[in-house]
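The values are calculated or read from the model by the stated rules, or taken from the named source; none is laboratory data. Worth saying up front: this structure is predicted, and the values here are computed from it rather than measured. All Cβ positions, glycine included, derive from the backbone under ideal geometry; neighbour counts span all protein chains shown.
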């Protein structure tokens with residue numbers, strides 16, 4: 001009796017586990033803090049575009065998107081992001097653009113950033129950013145080619 005019930009429940013349990021793994025993989029495509037699941041270490045992605053500088057977000061203004069919690073400096077920034085997250089979210093899930101161009105992912109420093117053609121790119125630190133800036137078009141081309149495979153592994 002127990003074996004029969006187990007045999008019938010096992011495929012359902014396996015399906016649930018696989019679906020959870022797929023959902024988790026999609027959520028891991030965003031670089032976020034281990035504790036709290038914050039994207040951009042809690043910095044406001046809209047501020048890069050609107051204020052031309054990194055600005056820490058506030059716990060008072062958050063939005064959940066793509067498996068991460070995004071913080072904003074104001075309700076207006078939160079609402080702008082919620083209306084068009086792809087416009088403001090950093091490229092490559094917020095992972096280092098230099099690393100992605102070289103076939104791997106790495107964390108970022110929210111202070112090492114650049115907007116190119118209306119897209120936000122982040123780097124591991126300012127030293128890596130200087131290397132990335134030596135050939136921005138080439139690095140973007142390489143990163144764009146590498147990102148689909150890297151994202152699929154996340």
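One residue is enough: does the stretch 105-127 have a residue meeting the conditions part of a helix (DSSP H, G or I), modelled with pLDDT of 95 or more, surrounded by 14 or more Cβ atoms within 10 Å (Cβ to Cβ) and under 11 Å from the mean Cα position of the chain (by Cα)?
The first filter runs over the stretch 105-127 and keeps only residues part of a helix (DSSP H, G or I), leaving 126-127.
From the residues that got through so far, the ones that are modelled with pLDDT of 95 or more too are 126-127.
If we keep only those that are surrounded by 14 or more Cβ atoms within 10 Å (Cβ to Cβ) as well, we get none.
Checking the stretch 105-127: not a single residue is part of a helix (DSSP H, G or I), modelled with pLDDT of 95 or more, surrounded by 14 or more Cβ atoms within 10 Å (Cβ to Cβ) and under 11 Å from the mean Cα position of the chain (by Cα).
Which one of the conditions (1) part of a helix (DSSP H, G or I); (2) surrounded by 14 or more Cβ atoms within 10 Å (Cβ to Cβ); (3) more than 15 Å from the chain's Cα centre (by Cα); (4) without any contact (Cβ under 8 Å) to a residue 40 or more places away in the chain does residue 81 fail to meet, given that it meets all the rest?
(3)
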